[in-house]
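The values are calculated or read from the model by the stated rules, or taken from the named source; none is laboratory data. Since this is a predicted model, take the numbers as computed values, not measurements. Cβ: placed from backbone, ideal geometry, glycine included. Neighbour counts: every protein chain shown. Keep in mind that these areas ignore ligands, DNA and RNA; they rest on the heavy atoms of the full protein, side chains included. Shrake-Rupley method; radii C 1.70, N 1.55, O 1.52, S 1.80 Å.
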Amino acid sequence: MSVFIDTVGRGPDVVFLHGWGLHGGVFERQAAFLADRFTVHLVDLPGHGHSPLGDADGPAKVAQTLAELFPLSVQVVGWSLGGLVAQHWAASFPERVKSVALVATSPRFVREPAWPHAQTRESIEAVGANLAGAFELTLQRFLGLQLMGAPDARETLKALKDTLFSHGRPQGLEAALGWLLHDDARLLARDISCPAGLFYGAKDMITPLAAGRWLAETLPDATLTVFEQASHAPFLSHESEFAVALARHLEQHA
């Protein structure tokens, strides 16, 4: 599996994993803030940006590949889909993950009777159904949903749209959407022994704050930070506030 990684900075290693439909470049401003203290690796997940889908068949396989690419101990920052991969990485390779920062993510992205903290299956499947006929418009609408309710959402959304295809047109989004539909990492939570920083927006409609609260209660060593006016992308809508909170977490566990 071939994975594109952009690396900046110097110091202890931190790996950023982005959300569905985007690429590692979405974290460039956060990387610039950290680069004088950390070596920051911005990954394009398989099927996104410059990384082909290859034989990636789910978050567990992606986590295995990343653990092989980063054999030394790292800190992992995972947003949304990237946070699901981060959970697998930390649970399956505990000796290689010093800490995780889970941003607006969940162990389960589909609502069911025993798990109300998610979207309905139908809403996720609708995104996939629209990709074939209106690829760019579907992604742009999805981005809009991620920032709904956040201050300055229109300006942040414009900046995000400008970078949407800066790493090329992604080729594996349908497959990656299937990962969100089928993967269930709830049983892994007890195996994530490293410190976990949880960063959530109170207005998030994609991964509700209740999912973050569940992780805070279930993970052995977790700290929850809530951005009251943020939605699904607090590192964009509340860039400075998020950067300070994330740096504090990373410095504590470097």
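Filtering region 203-254 to residues that are within 19 Å of Leu84 (Cβ to Cβ), assigned to a loop (DSSP other than H, G, I, E, B) and polar (S, T, N, Q) leaves Thr207, Ser231. Scanning region 72-124 for residues that are part of a strand (DSSP E or B) and aliphatic (A, V, I, L, M) yields Val74, Val76, Val77, Val97, Val100, Ala101, Leu102, Val103, Val110. For region 104-122, filtering for residues that are closer than 14 Å to Gly78 by Cα and either in contact with a helix residue (DSSP H, G or I) (Cβ under 6 Å, 6 or more places away or on another chain) or surrounded by fewer than 18 Cβ atoms within 10 Å (Cβ to Cβ) (or both) leaves 3. Only a single criterion out of (1) of a type in the set (Gly, Ala, Ser); (2) out of contact with any helix residue (DSSP H, G or I) (no Cβ under 9 Å at 6 or more places or on another chain); (3) buried (at least 19 other Cβ atoms within 10 Å of the Cβ) is not satisfied by Gly197, namely (2). For region 197-227, the tally of residues that are charged (D, E, K, R) and farther than 16 Å from Thr105 by Cα stands at 1. Scanning region 164-190 for residues that are more than 30 Å from Asp221 (Cα to Cα), assigned to a helix (DSSP H, G or I) and open to solvent by less than 30 Å² (accessible area, probe 1.4 Å) yields one hit, Leu173. Looking across region 229-254, the residues that are open to solvent by 60 Å² or more (accessible area, probe 1.4 Å) and either under 16 Å from the mean Cα position of the chain (by Cα) or of a type outside the set (Lys, Arg) (or both) come down to Gln229, Ser240, Glu241, Val244, Glu251, Gln252, Ala254.
Return a yes/no flag: does region 49-62 have any residue that is open to solvent by less than 20 Å² (accessible area, probe 1.4 Å), touching a strand residue (DSSP E or B) at 6+ places or on another chain (Cβ under 7 Å) and either closer than 23 Å to Leu246 by Cα or in a loop (DSSP other than H, G, I, E, B) (or both). Taking every residue of region 49-62 in turn, at least one turns out to be open to solvent by less than 20 Å² (accessible area, probe 1.4 Å), touching a strand residue (DSSP E or B) at 6+ places or on another chain (Cβ under 7 Å) and either closer than 23 Å to Leu246 by Cα or in a loop (DSSP other than H, G, I, E, B) (or both).
Among the residues of region 81-101, which ones are touching a strand residue (DSSP E or B) at 6+ places or on another chain (Cβ under 6 Å) and more than 11 Å from Cys194 (Cβ to Cβ)? Gly82, Gly83, Val85 - these are the residues of region 81-101 that are touching a strand residue (DSSP E or B) at 6+ places or on another chain (Cβ under 6 Å) and more than 11 Å from Cys194 (Cβ to Cβ). Scanning region 65-89 for residues that are crowded, with 17+ Cβ neighbours inside 10 Å and more than 14 Å from the chain's Cα centre (by Cα) returns Thr65, Leu66, Ala67, Phe70, Val74.
State all residues of region 94-110 that are within 13 Å of the chain's Cα centre (by Cα) and closer than 18 Å to Phe70 by Cβ; if no residue qualifies, say none. Of everything in region 94-110, those that are within 13 Å of the chain's Cα centre (by Cα) and closer than 18 Å to Phe70 by Cβ turn out to be Val100, Ala101, Leu102. Taking every residue in region 205-229 that is acidic (Asp, Glu) and pairing it with any residue that is open to solvent by 30 Å² or more (accessible area, probe 1.4 Å), at least 6 positions away or on another chain, the pairs with Cβ-Cβ distances below 7 Å are Glu228/Ala202. Looking across region 2-24, the residues that are touching a helix residue (DSSP H, G or I) at 6+ places or on another chain (Cβ under 6 Å), modelled with pLDDT under 95 and on the phi < 0 side of the Ramachandran plot come down to Gly19, Trp20.
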